[in-house]
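Note sheet for the following structure.
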Amino acid sequence: MTTMLASDLPLPRIGRGKVRDIYAVGDDRVLLLTTDRISAFDVVMAETIPMKGAVLTQVSAWWFRQLEGVVPHHMISADADEIIKEVPALQGHRASLAGRAMLCRRTTVFPIECVIRGYLSGSAWKEYAAQGTLAGETLAPGLTESAKLEPAIFSPATKAETGHDENITIGRMRETLGDEVTYSLESMSRAVYTRGETISRGQGIIIADTKFEFGRDDDGRILLIDEVMTPDSSRFWAADVYAPGRPQPSFDKQPLRDYLDIERRAGRWNGDAPPPALPGNVVDATSKRYLEAYRLITGADLEIGR
Ligand SMILES: Nc1ncnc2c1ncn2[C@@H]1O[C@H](COP(=O)(O)OP(=O)(O)OP(=O)(O)O)[C@@H](O)[C@H]1O
Ligand SMILES: [Mg+2]
């Protein structure tokens, strides 16, 4: 399978995120094309990570299938042949679509990232350790790093156009989206996380936290959109080595972050674009991590039909 930094499909391109290229398909659908771009510390690397786009798309597709009946979602198809049947303009572009493309219902995206935290980690642990709060709300005292949060905590963040997303209180979210939408997004996030946690636990994985996006379609329905419970949107831990009181080994971009940390500490990178060039072994290790994540989450190896 060919690796891809940027796509060029014969459809109107309506967006380019850090990782995805977004195309309009008529008025009511979008094609999300997940490239092999990778970002770390909010900087997009110059290299591609082979198979990463396919892993992210197919992990999301697998979850959308598990979520039938739990929440309405945007996926129409993540199969290249089905997509070409639906969108004949894409004939001749099968190689660019294979594994990485998802045809979706188009929505107006709510400008809030819906984060669910089942465990106290990352920025949430930092805030709690410093002031006993999470997104400004007081938590029980005496929690340790990586402690299980019961019930899981809904901690929304603004979708920043550039730079870091900012955690906000549910009160702020209500001011932005109204009571009713806020309630719906929180309940839907909890329902998806609960299903995800239950399924993952059976595979020996803990979903420590994860981020969802939602949008509203033309019929006024709220849909789960974007990517779902992927290594880019979630923190996954191996259940068999989980022990609270310390950070957990996670199977995500750690080899890449470790390399960038070394470069930064050595004074060879200032943390802004352009990032340092990635050595082949870091690219390979990262690609392997993504493929392994696919296998652990879905229980099967990733096979992309040519
Ligand atoms: N069904 C949908 N309808 C409309 N937009 C969607 C849909 N699903 C996903 N999107 C949007 O497509 C974009 C995906 O791009 P990508 O994930 O690369 O962006 P990003 O760099 O993570 O930045 P951000 O997600 O904060 O915009 C997101 O902006 C997301 O909100
Ligand atoms: Mg995104």
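Out of region 171-209, which residues are over 15 Å from Pro151 (Cβ atoms) and of a type in the set (Val, Ile, Thr)? Matches in region 171-209: Thr176, Val181, Thr182, Ile199, Ile205, Ile206. Counting residues in region 232-248 that are open to solvent by 40 Å² or more (accessible area, probe 1.4 Å), of a type in the set (Lys, Arg) and more than 16 Å from ligand 2 (Cβ to nearest atom) gives one or more. When region 167-183 is filtered for residues that are part of a helix (DSSP H, G or I), under 12 Å from Pro111 (Cβ atoms) and open to solvent by less than 60 Å² (accessible area, probe 1.4 Å), the ones remaining, listed by number, are Met173, Leu177, Val181.
Would a scan of region 134-152 turn up a residue that is of a type in the set (Val, Ile, Thr) and either under 30 Å from Arg65 (Cα atoms) or open to solvent by less than 30 Å² (accessible area, probe 1.4 Å) (or both)? No.
Do we have Gly220 as out of contact with any Asp or Glu (no Cβ under 9 Å at 6 or more places or on another chain), modelled with pLDDT of 95 or more and farther than 22 Å from Gly122 by Cα here? Against the criterion (out of contact with any Asp or Glu (no Cβ under 9 Å at 6 or more places or on another chain), modelled with pLDDT of 95 or more and farther than 22 Å from Gly122 by Cα), Gly220 qualifies. Annotation: Lys159 fulfils all but one of (1) modelled with pLDDT of 95 or more; (2) within 15 Å of ligand 2 (Cβ to nearest atom); (3) in contact with a strand residue (DSSP E or B) (Cβ under 8 Å, 6 or more places away or on another chain); the unmet one is (1). In region 264-277, the residues that are touching a residue at least 40 places away in the same chain (Cβ under 8 Å) form Cβ pairs under 8 Å with partners that are among the acidic types (Asp, Glu), at six or more places apart or across chains, as follows: Ala277/Glu47. As a summary of the residue check, Leu149 satisfies the conditions (1) farther than 19 Å from Ser187 by Cα; (2) more than 20 Å from the chain's Cα centre (by Cα) except for the one numbered (1). When Pro111 is tested against the conditions (1) within 21 Å of Arg216 (Cα to Cα); (2) more than 16 Å from ligand 2 (Cβ to nearest atom); (3) open to solvent by 40 Å² or more (accessible area, probe 1.4 Å), the lone failure is (2). Looking only at residues in region 212-223 that are more than 9 Å from ligand 1 (Cβ to nearest atom) and touching a residue at least 60 places away in the same chain (Cβ under 8 Å), the one that is nearest to Tyr193 (Cα to Cα) is Phe212.
Within region 36-51, residues that are under 23 Å from Lys159 (Cβ atoms) and without any contact (Cβ under 8 Å) to a residue 24 or more places away in the chain have Cβ atoms under 8 Å from residues that are away from ligand 1 (no atom under 14 Å from the Cβ) and polar (S, T, N, Q) in no pair, counting only partners at least 6 apart in sequence or on another chain. Give region 224-234 a look and list any residue that's within 11 Å of ligand 1 (Cβ to nearest atom) and either within 17 Å of Leu185 (Cα to Cα) or not β-branched (Val, Ile, Thr) (or both), or say none. Within region 224-234, Leu224, Ile225, Asp226, Glu227, Val228, Asp232, Ser233 qualify.
The rows are residues; the columns are (1) at pLDDT 95 or above; (2) open to solvent by 60 Å² or more (accessible area, probe 1.4 Å); (3) over 25 Å from Ala101 (Cβ atoms).
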site	(1), (2), (3)
Arg268	yes, yes, yes
Ala277	yes, yes, yes
Gly280	yes, no, yes
Asp301	yes, yes, no
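The values are calculated or read from the model by the stated rules, or taken from the named source; none is laboratory data. These numbers come from a predicted model, not from an experiment. So basically every Cβ, Gly included, is an ideal-geometry build from the backbone, and we count neighbours across all protein chains shown. Note: areas computed on protein heavy atoms with side chains; ligands, DNA, RNA excluded. Shrake-Rupley method; radii C 1.70, N 1.55, O 1.52, S 1.80 Å.
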